[in-house]
Amino acid sequence: MSSAPFTYEPVGATRDDPAFCPPGFRPMLVRTRLGEGQKLFQRAAEALLTWEMHRALGVRVDAAADRAAPGVDVTITLAGFVKAPCRIIWTVEEPRRAGWAYGTLEGHPECGEEAFVVDRTGDGTVWLTVAAFSRPAKWYAKAGGPATRGFQHAYARRCGTVLRRLCEGTSEA
């Protein structure tokens, strides 16, 4: 674990309110229905907490631990060269909710926080929610303008598609 400071405030804000967005940041909230049932929830939660979903996206994950936990440093590498250093801020593992959030560290193209949470609603439906607030930190993220935002939303939607695929065969009808 490093002691590098986060590049934004307020750290941990996505834990209690995924729609929270501080002034000067852009919000993102993408929900994807994964299926139904406890088995699917457990499979999705494990894939999320062990970086399997991210690796299946085709990004490189360099993590200081095999499982998400507060204080674990993670660097996501996109397209083979864009490095995004982060640190896990919080995790949750409850009977109907599991996930984590990371905050950006120096060198990340964006500045902010992103949360990935799988939850099972009262009717048994399982959802992935990707929630974030961010603003550009690197020149190329700023130069990308709306295209950068489009990429972020596409990435969040792809998380849902990939996690649904990883959970195929575990849904209960």
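The values are calculated or read from the model by the stated rules, or taken from the named source; none is laboratory data. Keep in mind the model is a prediction, meaning the values are calculated, not measured. Positions of Cβ are generated from backbone atoms using ideal geometry, with glycine treated the same way; all protein chains shown enter the neighbour counts.
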Scanning segment 48-94 for residues that are of a type in the set (Val, Ile, Thr) and either assigned to a loop (DSSP other than H, G, I, E, B) or closer than 20 Å to Glu110 by Cα (or both) gives Thr50, Val59, Val61, Val72, Val74, Thr75, Ile76, Thr77, Val82, Ile88, Ile89
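Of the residues Ala63, Ala68, Ala44, Ala56, which single one is in contact with a Gly (Cβ under 9 Å, 6 or more places away or on another chain), of a type in the set (Gly, Ala, Ser) and farther than 13 Å from Val118 by Cα? Write out each step before concluding.
Details: Ala63 fails: in contact with a Gly (Cβ under 9 Å, 6 or more places away or on another chain); Ala44 fails: farther than 13 Å from Val118 by Cα; Ala56 fails: in contact with a Gly (Cβ under 9 Å, 6 or more places away or on another chain).
From the options Ala63, Ala68, Ala44, Ala56, the qualifying one is Ala68.
Where residues in segment 128-163 are among the hydrophobic types (A, V, I, L, M, F, W, C) and under 10 Å from Val30 (Cα atoms), which of them is nearest to the chain's Cα centre (by Cα)? Please lay out each step first, then the result.
Step one: list which residues in segment 128-163 are among the hydrophobic types (A, V, I, L, M, F, W, C), which gives 128, 130-133, 137, 139, 141, 143, 147, 151, 154, 156, 159, 162-163.
Keeping just the survivors that are under 10 Å from Val30 (Cα atoms) gives 128, 130-132, 154, 156, 159.
Working: Leu128: 10, Val130: 6, Ala131: 7, Ala132: 8, Ala154: 13, Ala156: 8, Cys159: 8 Å.
Here the residue is Val130.
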Of the residues in segment 137-170, those that are surrounded by 18 or more Cβ atoms within 10 Å (Cβ to Cβ), modelled with pLDDT under 90 and assigned to a loop (DSSP other than H, G, I, E, B) come to Thr170
Checking the structure you have, find out if any residue of segment 84-97 is in contact with a strand residue (DSSP E or B) (Cβ under 7 Å, 6 or more places away or on another chain), in contact (Cβ under 8 Å) with a residue 40 or more places away in the chain, among the charged types (D, E, K, R) and buried (at least 17 other Cβ atoms within 10 Å of the Cβ). yes
